[in-house]
1. Under 8 Å between Cβ atoms, which residue pairs at least 6 apart in sequence (or on different chains) link something in region 1-24 that is over 18 Å from Leu56 (Cα atoms) with a partner that is at pLDDT 85 or above and assigned to a helix (DSSP H, G or I)?
2. Restricting to region 31-61, and then to whatever is β-branched (Val, Ile, Thr) and under 15 Å from Leu86 (Cβ atoms), can you tell me which residue is surrounded by the most Cβ atoms within 10 Å (Cβ to Cβ)?
3. Return the pairs, sorted by first residue and then second, in which the second residue is surrounded by 13 or more Cβ atoms within 10 Å (Cβ to Cβ) and among the basic types (Lys, Arg), the first residue lies in region 45-71 and is more than 15 Å from Thr25 (Cβ to Cβ), the beta carbons are less than 7 Å apart, and the residues are 6+ apart or on different chains.
4. Are there any pairs, at least 6 apart or on different chains, whose C-beta atoms fall under 6 Å, with the first in region 76-100 and over 19 Å from Phe49 (Cβ atoms) and the second assigned to a helix (DSSP H, G or I), and if so, which?
5. Of the residues Leu98, Leu78, which is among the hydrophobic types (A, V, I, L, M, F, W, C), out of contact with any helix residue (DSSP H, G or I) (no Cβ under 6 Å at 6 or more places or on another chain) and farther than 24 Å from Lys11 by Cβ?
Amino acid sequence: MTTITAPTRSKQASRRMQAAILLGTALLLQVPLLGMLLTGYVNWGLGDFIAAGVLLAGTGLAYELGTRRLSRRSHRLLVGATLGSLLLVVWAELAVGLFH
């Protein structure tokens, strides 16, 4: 008897996805950097950039890892919504101490 497994991404495709996530994180971090250069309203330190990079890249890589073997779109959307919600909650807590 044969078992049917969900299709998996090749290692090369997985590495490309990870590189895209890291590149996307670097591009997103350019927004506050530009804000710091152009206005006086954005005041981020090195620690802020590191925290944001870890949160964004970590969330993207967790999504890639968590959905690697999921074939149903609804399951991938559920994983994405959960990770996105967790990202927003952690970001809000770090930004303004929402839960203090």
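The values are calculated or read from the model by the stated rules, or taken from the named source; none is laboratory data. Keep in mind the model is a prediction, meaning the values are calculated, not measured. Heads up, the Cβs are rebuilt from the backbone with ideal geometry, glycines too, and the neighbour counts pull from every protein chain shown.
1. Once the first residue is over 18 Å from Leu56 (Cα atoms) and sits in region 1-24, its partners that are at pLDDT 85 or above and assigned to a helix (DSSP H, G or I) give Arg9/Met17.
2. Thr59
3. The qualifying pairs are Thr67/Arg76; Arg68/Arg9; Leu70/Arg76.
4. Qualifying pairs under 6 Å: Val79/Gly66; Gly80/Tyr63; Leu83/Thr59; Leu83/Ala62; Leu83/Tyr63; Leu98/Ala92; Phe99/Glu93.
5. Going through Leu98, Leu78 in turn, just one is among the hydrophobic types (A, V, I, L, M, F, W, C), out of contact with any helix residue (DSSP H, G or I) (no Cβ under 6 Å at 6 or more places or on another chain) and farther than 24 Å from Lys11 by Cβ: Leu78.
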